């Protein structure tokens, strides 16, 4: 979920601004020069943690890299993003960067759409992820479906009765989509 701050900044100004003490407890993205405060809701957070947990379990058996959550920022095609879940391979980066926004883009970014997300901003992010060679899973909680974006390939759509595959990024990884969406009471 994102809240518009209505401020544009260069990448260098953004890097300084997010390090100010008054911003230390807040999370921001820089999308097409605009500063956006990232907030979430319990549904999007639960879905993201369910996906991250499954990827983490897979990585315990297949030491391919690390998974980060909604506090892990990345610089992607010159922009600053905080995907809800991300995977970065050891091949790309052997250890944590220690930076507020990792200078290396992840191999996989998961964006869980929440009511305040603007579709045009989301598509800018997807386009920049793809330009950086990142596979993107866009999760739509209301529709119970996932759109899969891979560089140079058509978009795939998987509904809640389907299974999400890790493809070339997470070989052999499979996730039944019904398992990631919160159960209704």
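A few comments on the model shown:
- Residue check: residue 25 meets all listed conditions (1) loosely packed, with under 13 Cβ neighbours inside 10 Å; (2) assigned to a helix (DSSP H, G or I); (3) at pLDDT below 90 but one, namely (2).
- Residues that are out of contact with any helix residue (DSSP H, G or I) (no Cβ under 9 Å at 6 or more places or on another chain), part of a loop (DSSP other than H, G, I, E, B) and either in contact (Cβ under 8 Å) with a residue 40 or more places away in the chain or buried (at least 21 other Cβ atoms within 10 Å of the Cβ) (or both) within segment 81-107 comprise 82, 107, listed in sequence order.
- Residue list for segment 162-179, restricted to those being within 17 Å of residue 50 (Cβ to Cβ), surrounded by fewer than 17 Cβ atoms within 10 Å (Cβ to Cβ) and free of Cβ contacts under 8 Å to residues at least 60 places away in the same chain: 162, 163, 165, 174, 176, 178
- Selection count where residues are without any contact (Cβ under 8 Å) to a residue 40 or more places away in the chain, over 14 Å from residue 107 (Cα atoms) and surrounded by fewer than 17 Cβ atoms within 10 Å (Cβ to Cβ), scope segment 124-139: 1
- Residue match in segment 89-110 (condition: under 14 Å from the mean Cα position of the chain (by Cα) and over 26 Å from residue 168 (Cβ atoms)): no
- Which numbered condition residue 115 misses (of (1) surrounded by 12 or more Cβ atoms within 10 Å (Cβ to Cβ); (2) modelled with pLDDT under 95; (3) outside any helix (DSSP H, G or I)): (1)
- Residues that are closer than 11 Å to residue 106 by Cα, outside any loop (DSSP other than H, G, I, E, B) and out of contact with any helix residue (DSSP H, G or I) (no Cβ under 9 Å at 6 or more places or on another chain), drawn from segment 57-80: 74
- Of the residues making up segment 28-53, those that are farther than 20 Å from residue 12 by Cα, outside any loop (DSSP other than H, G, I, E, B) and either within 15 Å of the chain's Cα centre (by Cα) or without any contact (Cβ under 8 Å) to a residue 40 or more places away in the chain (or both) number 11.
- Residue within segment 146-160 that is crowded, with 16+ Cβ neighbours inside 10 Å, touching a strand residue (DSSP E or B) at 6+ places or on another chain (Cβ under 8 Å) and in contact (Cβ under 8 Å) with a residue 24 or more places away in the chain present: yes
- Selection within segment 28-58: residues that are at pLDDT 90 or above and in contact with a strand residue (DSSP E or B) (Cβ under 6 Å, 6 or more places away or on another chain). The member of this set that is surrounded by the fewest Cβ atoms within 10 Å (Cβ to Cβ) is 56.
- Filter pass, residue 65 being at pLDDT below 95 and crowded, with 17+ Cβ neighbours inside 10 Å: no
- Checklist (1) modelled with pLDDT of 95 or more; (2) closer than 19 Å to residue 149 by Cα applied to residue 82, failing item: (1)
The values are calculated or read from the model by the stated rules, or taken from the named source; none is laboratory data. Bear in mind the structure is a predicted one, so any value in this text is a computation, not a measurement. All Cβ positions, glycine included, derive from the backbone under ideal geometry; neighbour counts span all protein chains shown.
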